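These notes are about the structure you will find just below.
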Amino acid sequence: MVCVVGNSFVYYGGCVINGDQRYLDKGLLKRVFDSNGIDAQIYDCTYGGHHLYDFTPAGCKSTNKHGADGKVPSSGCNGIGFDLLSDMNLEDFDVVFFSESGDNFDDFLNYCKDVMVRFTNPNVQFIYLAHSYTYDKNHTSIINALPDLRQMKVKTVEWGKLVYDIWKGKTVVPNTSLVFNKNTFIKNGSDNFHPNPLSGYITAQMAYCAYSGNSALGQNYSFCHDVMNFDEFITNQYKIGQTTNFKSVFADESTMTELQRLMDVYLKY
């Protein structure tokens, strides 16, 4: 059994599907597992605007989402004090993917530990998903703590560093005529920092590879449009007149091959 803990930086691109928290999910991560012959039970525990410190037994503390009185439900959370991991047997989970919000918390490492201690399976595997906002804003409290997580036997998936390095020109995608920019990976409608379906696929693929040890190279991605309708996403999540070429990236097999090759490189960090 798989648990995905986090917020909109995980679900916006479709790695998991927003809604129905604490129930089985059928997003891109599930489809990647399926394409590798693994019928994984994946439980989505991602809540928009929430932080890792909200996932303790004391429950949600995010007054920014609910107001100081804690009475306004939001993003599947029932308010201040609500246990975001309730109604699940946490000792049953074999792997936990988790991701912080878009904040640069000095106590990030302790927040990670507070989440991890709740999953009591002695063989549980923890994998941290580092999103692109962390690198775009140079959140050093998060970035500098990743080696400490690895020392704690937590695998780290720096999918955000991969897409950030590409759109900044720090990493070149070879053997393609396509030009990459931020819009290739990130939406720009109501905000310009959440992932689009291409980043959602990269997140899911790298997450699975970190778990399994398998290479990303040659992996199937034909299901992505079925999970996340590309045209609808562009209409709803990009400003009128703004362009994104993520559909062209998906349609170009050689470009996707090179992105998968780069996923393997970044998984070694």
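For the condition at pLDDT below 95, outside any helix (DSSP H, G or I) and within 18 Å of H194 (Cα to Cα), N18 qualifies. Given the condition more than 19 Å from the chain's Cα centre (by Cα), at positive phi and free of Cβ contacts under 8 Å to residues at least 40 places away in the same chain, answer yes or no: does some residue in segment 61-74 qualify? Yes, because at least one residue in segment 61-74 is more than 19 Å from the chain's Cα centre (by Cα), at positive phi and free of Cβ contacts under 8 Å to residues at least 40 places away in the same chain. Return the residue satisfying two criteria in turn: it lies in segment 15-33 and is surrounded by fewer than 20 Cβ atoms within 10 Å (Cβ to Cβ) and free of Cβ contacts under 8 Å to residues at least 60 places away in the same chain, and of such residues it is nearest to S99 (Cα to Cα). Checked segment 15-33; the qualifying residue nearest to S99 (Cα to Cα) is N18. Has segment 210-219 got at least one residue that is closer than 25 Å to K168 by Cα, surrounded by 14 or more Cβ atoms within 10 Å (Cβ to Cβ) and in contact with a Leu (Cβ under 8 Å, 6 or more places away or on another chain)? Scanning segment 210-219 turns up at least one residue that is closer than 25 Å to K168 by Cα, surrounded by 14 or more Cβ atoms within 10 Å (Cβ to Cβ) and in contact with a Leu (Cβ under 8 Å, 6 or more places away or on another chain). Number of residues in segment 140-155 that are out of contact with any Ser or Thr (no Cβ under 7 Å at 6 or more places or on another chain) and under 15 Å from Y111 (Cβ atoms) equals 6. It is to be established whether one or more residues within segment 202-219 are polar (S, T, N, Q) and in contact with a strand residue (DSSP E or B) (Cβ under 8 Å, 6 or more places away or on another chain). So far as segment 202-219 goes, yes, one or more of its residues are polar (S, T, N, Q) and in contact with a strand residue (DSSP E or B) (Cβ under 8 Å, 6 or more places away or on another chain).
For segment 148-155, state whether one or more residues are over 16 Å from the mean Cα position of the chain (by Cα), surrounded by 20 or more Cβ atoms within 10 Å (Cβ to Cβ) and among the aliphatic types (A, V, I, L, M). Scanning segment 148-155 turns up at least one residue that is over 16 Å from the mean Cα position of the chain (by Cα), surrounded by 20 or more Cβ atoms within 10 Å (Cβ to Cβ) and among the aliphatic types (A, V, I, L, M).
Looking at segment 122-137, can you tell me whether even one residue there is within 19 Å of the chain's Cα centre (by Cα), at negative phi and exposed (fewer than 15 other Cβ atoms within 10 Å of the Cβ)? Looking through segment 122-137, at least one residue is within 19 Å of the chain's Cα centre (by Cα), at negative phi and exposed (fewer than 15 other Cβ atoms within 10 Å of the Cβ).
Residues in segment 243-269 that are surrounded by fewer than 19 Cβ atoms within 10 Å (Cβ to Cβ) and in contact with a Gly (Cβ under 8 Å, 6 or more places away or on another chain): T257 only. Remark: S190 matches the filter, which requires a residue to be modelled with pLDDT under 95 and either surrounded by 14 or more Cβ atoms within 10 Å (Cβ to Cβ) or outside any helix (DSSP H, G or I) (or both).
Among the residues of segment 44-75, those that are modelled with pLDDT under 90, outside any loop (DSSP other than H, G, I, E, B) and crowded, with 21+ Cβ neighbours inside 10 Å comprise K65, H66. Residue-level check: of (1) part of a helix (DSSP H, G or I); (2) over 19 Å from the mean Cα position of the chain (by Cα); (3) among the acidic types (D, E), D106 misses just (1). Residue-level check: of (1) more than 21 Å from V16 (Cα to Cα); (2) touching a Phe, Trp or Tyr at 6+ places or on another chain (Cβ under 8 Å), K247 misses just (1).
The listed residues are N229, N214, and the only one of them that is closer than 16 Å to G27 by Cβ and under 19 Å from the mean Cα position of the chain (by Cα) turns out to be N229. When you check K182 against the structure, is it out of contact with any strand residue (DSSP E or B) (no Cβ under 9 Å at 6 or more places or on another chain), closer than 20 Å to S8 by Cβ and among the basic types (K, R), yes or no? In short, yes.
When each of D39, D107 is tested for being exposed (fewer than 14 other Cβ atoms within 10 Å of the Cβ), under 21 Å from N214 (Cβ atoms) and among the acidic types (D, E), the lone residue that passes is D39.
Selection of first residues in segment 76-99 that are without any contact (Cβ under 8 Å) to a residue 40 or more places away in the chain and surrounded by fewer than 18 Cβ atoms within 10 Å (Cβ to Cβ) and of second residues that are polar (S, T, N, Q) and outside any helix (DSSP H, G or I), restricted to Cβ pairs under 6 Å at least 6 apart or on distinct chains, gives the following pairs, ordered by first then second residue: E91/T120; E91/N121.
The values are calculated or read from the model by the stated rules, or taken from the named source; none is laboratory data. The model shown is predicted, which means the values in this text are computed figures rather than measured ones. For neighbour counting, all protein chains shown are included, and Cβ atoms are generated from backbone atoms with ideal geometry for every residue, glycine included.
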